[in-house]
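Peer 1: Sending over a structure as structure tokens; questions will come in a sec.
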Amino acid sequence: MKNVAIVGTQGVPARYGGFETLVENIIGKNCPLEVQYTVFCSSKDFKKEERLLSYKGAFLKYVPLHANGFQSTPYDIWSLLKVMRGYDVIVILGVSGCIFLPVFRLFCRKRLVINIDGLEHRRAKWGRFARWFLRFSEAMAVRFADVIVADNKGIQDYVLDVYGKDSALIAYGGDHVKRSVGEERQRAILDLYGLKRKEYSFTVCRIEPENNCHITLEAFAKSGDVLVFIDNWDKSAYGQELKRKYSGVGNIQLIDPVYDLDVLYVLRNNCRFYIHGHSAGGTNPSLVEAMFFNCPILAYDVIYNRETTENKAFYFRDAEQLIALLRNDNASLLEKSAKDMSEIANRRYLWEVVSRQYLEQFDLVSVKADR
């Protein structure tokens, strides 16, 4: 039995972001019998009655801090203190606690696999000190890891160019979005939002400047095309300003976070275009998920999105370019791109494949995923 600890996430069951969804899908049915995962979770982010001792065959242990925000670094460090003994492999997701690794390595020489995420220090939301801190933590992660995991070829190239180190390329799965929703239920959900099949575009993302929400909204306000845009509009000044400016535009629906998986499935499954405005973060889980819905994707033109979609989506850099893409009425071209997205997703972004790739980094190549 190989004991593998996972630190750096809010925990499971997943309900926050990409790393949590990653953990949710590499444990359970995609975990081999010879591997025992232990996932470190935040007791502050789960109500007492929600704190399970085990989940999908993994053991759960709790740290009494929040996993995100200003407590994220002490949360990760506390978790690392707990994994110094008793584990064969330690998986760290994200770099915020990696500033502790010089000390950690004095006491623990077990195999260390670190997913460095999407170059957090380049995000516009961070101030100067936070960017320095995240860049330094990233450097410590690269220096002390046995295996560096990059989720995108662009990140992999960055690690090689900046640090002179090779990294393992492992993206995210997205096939968990597949589900069965009956025709009557789908019609009811579309009616609830006043939508018709293939007559609206859809996007869901965090409302942050690097996700170019302002470009998407400007383009749809000018074009008059119907847009459904989901996330938390009140969490930041940026989101509040966009909500104030565009909430009265008749063809745009600004919707607060939706946790009903049927609703999310139906809105993605029936849209004409999926809009992906992310300009940072490597391989974005939301883009991978959208690729399973066999629809054309209009993505912001950066290397990460081009790598994820193998240059077969449609790309924009400003509102005018996005409007031009919305005006594309070449049915055969749109159909081909939609089929390309589905083909790529089912070839590259299956959780069974991602789980296997992580197992290979644990020196478990011969292990068969048969749980």
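Peer 1: On the given criteria, is Asp175 among the acidic types (Asp, Glu), open to solvent by less than 20 Å² (accessible area, probe 1.4 Å) and in contact (Cβ under 8 Å) with a residue 60 or more places away in the chain?
Peer 2: Working: among the acidic types (Asp, Glu): yes; open to solvent by less than 20 Å² (accessible area, probe 1.4 Å): no; in contact (Cβ under 8 Å) with a residue 60 or more places away in the chain: yes.
Judged against the criteria, Asp175 is not a match.
Peer 1: Ok, one more. Pull out all pairs, ordered by first then second residue, where Cβ-Cβ is under 6 Å, the residues are six or more apart or on different chains, the first lies in segment 261-279 and is among the aromatic types (Phe, Trp, Tyr), and the second is assigned to a helix (DSSP H, G or I).
Peer 2: Qualifying pairs under 6 Å: Tyr274/Ala290.
Peer 1: Now for a separate question. Taking interchain pairs and intrachain pairs at least six residues apart, which have beta carbon atoms under 6 angstrom, with the first residue in segment 38-54 and touching a residue at least 12 places away in the same chain (Cβ under 8 Å) and the second part of a helix (DSSP H, G or I) and among the β-branched types (Val, Ile, Thr)?
Peer 2: Val39/Val23
Peer 1: Taking segment 20-47 on its own, how many of its residues are part of a helix (DSSP H, G or I) and out of contact with any Asp or Glu (no Cβ under 7 Å at 6 or more places or on another chain)? Even if it seems obvious, please write down each step before you answer.
Peer 2: So the first thing to find is which residues in segment 20-47 are part of a helix (DSSP H, G or I), and the list is 20-26, 28-30.
Those still in the list that are out of contact with any Asp or Glu (no Cβ under 7 Å at 6 or more places or on another chain) too: 20-26, 28-29.
Residues in segment 20-47 being part of a helix (DSSP H, G or I) and out of contact with any Asp or Glu (no Cβ under 7 Å at 6 or more places or on another chain): 9 in total.
Peer 1: Picking from Ile323, Ile275, which residue would you name as being of a type outside the set (Ser, Thr, Tyr) and open to solvent by 10 Å² or more (accessible area, probe 1.4 Å)? Quick ask: steps written out before the conclusion?
Peer 2: Numbers: Ile275 fails: open to solvent by 10 Å² or more (accessible area, probe 1.4 Å).
Only one candidate qualifies: Ile323.
Peer 1: Hey, can you tell me all the residues within segment 96-142 that are outside any helix (DSSP H, G or I), open to solvent by less than 10 Å² (accessible area, probe 1.4 Å) and either of a type in the set (Gly, Ala, Ser) or at pLDDT 85 or above (or both)? Walk me through it before giving the result.
Peer 2: Filtering segment 96-142 for residues outside any helix (DSSP H, G or I) gives 96-97, 108-119, 123-127.
Still in the running and open to solvent by less than 10 Å² (accessible area, probe 1.4 Å): 97, 108, 112-116, 118-119.
Of everything in segment 96-142, those that are outside any helix (DSSP H, G or I), open to solvent by less than 10 Å² (accessible area, probe 1.4 Å) and either of a type in the set (Gly, Ala, Ser) or at pLDDT 85 or above (or both) turn out to be Gly97, Cys108, Leu112, Val113, Ile114, Asn115, Ile116, Gly118.
Peer 1: How about segment 8-62: which of its residues are of a type in the set (Gly, Ala, Ser), within 23 Å of Ile116 (Cα to Cα) and open to solvent by 10 Å² or more (accessible area, probe 1.4 Å)?
Peer 2: Answer for segment 8-62, where residues must be of a type in the set (Gly, Ala, Ser), within 23 Å of Ile116 (Cα to Cα) and open to solvent by 10 Å² or more (accessible area, probe 1.4 Å): Gly8, Ala14, Gly17, Gly18.
Peer 1: Whether any residue in segment 312-326 is at positive phi and either in contact with a Cys (Cβ under 6 Å, 6 or more places away or on another chain) or touching a residue at least 12 places away in the same chain (Cβ under 8 Å) (or both) is what I want to check.
Peer 2: Going through segment 312-326, the residues at positive phi turn out to be none.
Checked segment 312-326: no residue is at positive phi and either in contact with a Cys (Cβ under 6 Å, 6 or more places away or on another chain) or touching a residue at least 12 places away in the same chain (Cβ under 8 Å) (or both).
Peer 1: Please determine whether any residue of segment 327-336 is surrounded by 18 or more Cβ atoms within 10 Å (Cβ to Cβ), over 23 Å from Thr21 (Cβ atoms) and touching a helix residue (DSSP H, G or I) at 6+ places or on another chain (Cβ under 9 Å). Step through it out loud before you land on a result.
Peer 2: The initial filter retains those residues of segment 327-336 that are surrounded by 18 or more Cβ atoms within 10 Å (Cβ to Cβ), namely none.
No - not one qualifying residue is present in segment 327-336.
The values are calculated or read from the model by the stated rules, or taken from the named source; none is laboratory data. The model shown is predicted, which means the values in this text are computed figures rather than measured ones. Virtual Cβ from ideal backbone geometry, glycine too; neighbours counted across all protein chains shown. Only protein heavy atoms, including side chains, enter the accessible area calculation; ligands, DNA and RNA are left aside. Shrake-Rupley method; radii C 1.70, N 1.55, O 1.52, S 1.80 Å.
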